[in-house]
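Since the structure comes first, as structure tokens, the remarks are kept for the end.
The values are calculated or read from the model by the stated rules, or taken from the named source; none is laboratory data. No experiment lies behind these values; they were computed from the predicted model shown. Here the Cβ is made from the backbone with ideal geometry for all residues, glycine too, and neighbour counts use every protein chain on show.
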Amino acid sequence: MTMKEQRQSRKQPGLLACALGVFCLAVIDCAVYFSLPASDPLASTLAMVGGGLILAHLFLFSYWLAARPSKPAHVIAVGLWIMIGVLAFFMLAGVIRDFEIRQVNRDTWITMVILAALIPAAFFRRIRKTCRRRAFRKRTAGLTAGVITRFLGETRLDLDGDPVTNYHALIAYTVDGIAYETRADIYKFTLRLLGKDTLIGQEIPVHYDPADPACAYADRINRHFLDQQKKEED
């Protein structure tokens, strides 16, 4: 098991616990809802809140399933995302109908808040990844020259259970006389276009954290990499 898979496996129980916690809140909400008389104005609000909690539970549970190395789990996760999309469609249709018949009330606004919350929830993982990348790049203020030493491919399963291989260039660099190694992403097409033998030994800028030189990154190698190298040499 790779270090990345180990980190994901440690995160999964916490994500599952959050999903179960939200589900328990939804159960409590439903219990209170059914204990109220139908004429109680709070009943409709509880119904809206309960629907939002169920959606949150489905999101969290689907993310937990998607992180598991299992094709059936990925299939179920996709099914849950489709279910969430269908529920969101009917909720949006209800909001539009309330505006058309001019019967906008508190429940309409609650539904709109839930729908608005679905947008960041749907892109939560991507947003979190982007924020972490930005924070990481702010720390890596140091710059040095690295050398491409070799290439490797890492194969994983996508959401459909099909194998996908990501390619990386291993880069050796030195800070204060101490040797380190990092990697840069490269597409398979770019690797074939430029050639392994041509790329190995080429210099590439490495950004590192001055407080921890082992914490570093190099930009993705694109098909214009060799052209950029020639311009720098000229």
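With the structure loaded, tell me whether Ala56 is in contact (Cβ under 8 Å) with a residue 40 or more places away in the chain and of a type outside the set (Lys, Arg) or whether it fails that test.
In short, yes.
Might you check whether a residue that is exposed (fewer than 11 other Cβ atoms within 10 Å of the Cβ) and part of a loop (DSSP other than H, G, I, E, B) occurs anywhere in region 134-154?
Within region 134-154, none of the residues are exposed (fewer than 11 other Cβ atoms within 10 Å of the Cβ) and part of a loop (DSSP other than H, G, I, E, B).
For Ile119, work out the one condition from (1) in a helix (DSSP H, G or I); (2) surrounded by 14 or more Cβ atoms within 10 Å (Cβ to Cβ) it doesn't fulfil.
It fails just one condition, (2).
Any residue at all in region 197-217 that's surrounded by fewer than 11 Cβ atoms within 10 Å (Cβ to Cβ), more than 30 Å from His74 (Cα to Cα), at pLDDT 85 or above and not acidic (Asp, Glu)?
yes
Look through Ala88, Ala77, Ala43, Ala73 and report the one residue that is surrounded by 14 or more Cβ atoms within 10 Å (Cβ to Cβ), among the small types (Gly, Ala, Ser) and either outside any helix (DSSP H, G or I) or in contact with a Ser or Thr (Cβ under 8 Å, 6 or more places away or on another chain) (or both).
Ala77
Does Asn166 count as polar (S, T, N, Q) and assigned by TED's automatic domain parsing to the domain that holds Arg220?
Yes; evaluated as a whole, the condition is true for this residue.
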